[in-house]
1. What figure, in Å² to the nearest 10, do you get for the accessible area of B:Arg249 with a 1.4 Å probe and non-protein molecules left out?
2. Please compute the alpha carbon radius of gyration of the range A:237-283, then divide it by the globular-protein estimate 2.2 N^0.38 Å. Two decimals is fine.
3. Could you work out the mean count of beta carbons from other protein chains within 10 Å of each residue's beta carbon in B:252-262?
4. I need the shape label for the range B:188-231. Rule: rounded when a/c is under 1.5, else prolate if a/b > b/c, else oblate, with a, b, c from the alpha carbon gyration tensor.
5. Roughly how large is the B-A contact in terms of buried accessible area, totalled over both chains, probe 1.4 Å, nearest 100 Å²?
6. Could you pull out every residue, at least 5 positions away or on a different chain, whose amide H is within less than 5 Å of the one on B:Gly148? Hs are placed 1.01 Å off N in the peptide plane, and Pro or chain starts have none.
7. With the Cα gyration tensor of the range B:199-263 giving a ≥ b ≥ c as the square roots of its eigenvalues, does the rule (a/c under 1.5 for rounded; else a/b larger than b/c for prolate; else oblate) give rounded, prolate or oblate?
8. Please report the residue of chain A with the smallest beta-carbon distance to the A-to-B rotation axis, and give that distance in Å, no decimals.
2 protein chains.
Amino acid sequence: MNDLQAYVILNAAITIPKSRVGRLLEMFGGAKEVFAVRPHDWVGAGRLTHQMAKRLDEARRTFRVDEELRRAERAGVRIMTRDDADYPQNLREIFDPPCVLYVKGTLEPEDKFAVAVVGSRGASYYGLSVARDFAARFASFGLTVVSGMARGIDTAAHRAALDAGARTIAVLGSGFENIYPVENRDLCGQIARSGAVLSEFPLDTAPLAQNFPVRNRIVSGLSKGVLVVEASLRSGALITARLGAEQGREVFAIPGKLSCETSDGTNDLIKNGAHMVTSAEEVLRELAGALCVDAGRSRPAARPAGVPLTEEEERLFVVLNDEPKHIDAICRESALDPARAAALLLQLELKAAVRQVPGRMFIAA
Amino acid sequence: MNDLQAYVILNAAITIPKSRVGRLLEMFGGAKEVFAVRPHDWVGAGRLTHQMAKRLDEARRTFRVDEELRRAERAGVRIMTRDDADYPQNLREIFDPPCVLYVKGTLEPEDKFAVAVVGSRGASYYGLSVARDFAARFASFGLTVVSGMARGIDTAAHRAALDAGARTIAVLGSGFENIYPVENRDLCGQIARSGAVLSEFPLDTAPLAQNFPVRNRIVSGLSKGVLVVEASLRSGALITARLGAEQGREVFAIPGKLSCETSDGTNDLIKNGAHMVTSAEEVLRELAGALCVDAGRSRPAARPAGVPLTEEEERLFVVLNDEPKHIDAICRESALDPARAAALLLQLELKAAVRQVPGRMFIAA
């Protein structure tokens, strides 16, 4: 058994919480190594329950890992593990990262500049239009739009990002052999071509209700912030918001009318402390810190330097030199408002024209 | 010149801020006394500007106070001064209370349990319906609904309170001889019959734009909290909200759609710290402290004791005895939620069946 096989089997015992799987990996020093010990040790050293150990042992004995790998290959699905260098950085930080991701498309370093846009399946015209507007705006800032490819808000967000020519990531609540909802098969292909479709679930997993909260932690985990556009009080988007908050993500919500069931959940989120936002710029302003710190830490290397600057980027760029300048001074000197300046700085970082130094200071690169 | 005449003249110099008039009254020991000194003393001891002193002197010389008093009497308008015992208690507390109120109808001690419901003149169907719902609910809690009798939200709020048989107070931005808008003359009469219509302005004052912010401080000043139902970014209701906040009133706002101009102002209020509310109960819960403290301090004496209790009041009343009981315990024992319990306790206080003692404790009276 090689490491990839071991990971896929560990992942196939899907009801074992990934936080426990993480502990096993840590305890035994690797995926292969987990299966080099007896189930008894999983309970003792690995702190699985007897029930979990039984299920994992069963997966080891019955899960047809080679067939899974073959079928994945045939379907053009890459199986990525936590050991892979391009495993999403944001997702590494959560409490219970997936040990395996099934991926169609590619994950890029700049996907760490991601915002989740989620909401009701039974969205209103208002919700769909707001989702489109915000996703398009995020796309124009160079952010990756993450969502769940569900009907309604999720679909609107993915489509707006695609239309803007931006990257978007869809996270499935089923295996790749059961794309759900079926009418989104085409969308799935489009997303895979200009972003990525991800699933934590073995290929033949059905879109069962219990998968969706599990999936939602990946949607929020991939993102720096979670925007809930519309949600009834029972909407899964509220779960994404809660998980996001637990993961330390900023949570944003769009206000709506009192008489709209689809706004009850978002209005509730706002009452409970989510940022109420009425423009994408406000989201960016709130996230600017998180986004810029990252940009400074490790600028995406994939982007070629020397990309021409837009007129607006130029306006900001000319106030920079090789002495660190604080963002407040940059805003003042360029006469740009903070949200716009943060967006442009981000774009300039992605173009390798600007570098951030500690203390929200920037220099021309 | 008697005190009433002096007050009316002081008030007739309407451009002198009422905070300055208040200082004059304090300095010279009464309204009559203000006119016993020379204009020069108004500047020195009273700290009026020379311009203000000139205007006040002019009012003394030219304002036909006896005719004003006669015309008021003929129109059934009472002129109340700050010295009157039934001058509204909440209004006494503000920085710049009116020195004179022109009143049609009656002011009652229980009017201190008041909430302002204000908003756009060009309200949407949504806004009008929310205004009606909230005003009706406030009325059912026994609260007095205060507003500005403007078109739109104000009118809807007054009408809902009237329909519920509750007290409502309208504050005019003009004198009583220029009721505005004209289509509200009937409404004005109805409000006067089951509440009060107030104006700070001399009888023949036109509804000039500059009067409305001045009027708005009375709307908020009369109230324990200000609810803004709908407002564009230029709406006068935002001024009422700001003045209310400056007066220490709780400010509440109803969320609305992003695409609605009439919700831009309310959404902005929420972003800037107003309580976002989706039910009248939430307003009551927030105000419960302010309302109950007052109820304890001086129970309205006008209400006869021995009024029969409703079934729900009875349910709360039976858990009380002559040992002080904390509101939390009352909620627990009566299985009523805090908002409802606070509303019922308020009603029971008004019926003189319950008395509050310090520390949010209650005893059967």
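The values are calculated or read from the model by the stated rules, or taken from the named source; none is laboratory data. This is a predicted model, so every value here is computed, not measured. Cβ: placed from backbone, ideal geometry, glycine included. Neighbour counts: every protein chain shown. Accessible surface is based on the protein model in full, side chains and every heavy atom, while ligands, DNA and RNA are left aside. Shrake-Rupley method; radii C 1.70, N 1.55, O 1.52, S 1.80 Å.
1. Surface open to solvent at B:Arg249 totals about 30 Å².
2. Working: Rg = 10.5 Å, N = 47, 2.2 N^0.38 = 9.5 Å.
Scaled against compact globular proteins, the figure is 1.11.
3. Values: counts 0, 1, 4, 12, 5, 12, 12, 6, 2, 0, 0.
Whole-number average of other-chain Cβ neighbours for B:252-262 is 5.
4. On the way: a/c = 1.81, a/b = 1.11, b/c = 1.64.
Here the range B:188-231 falls in the oblate category.
5. On the way: alone 15840 and 15820 Å², together 30290 Å².
It comes to approximately 1400 Å² buried between B and A.
6. Result for B:Gly148 returns B:Val171.
7. Details: a/c = 3.07, a/b = 1.47, b/c = 2.09.
Note, shape of the range B:199-263 comes out oblate.
8. A:Pro255, 2
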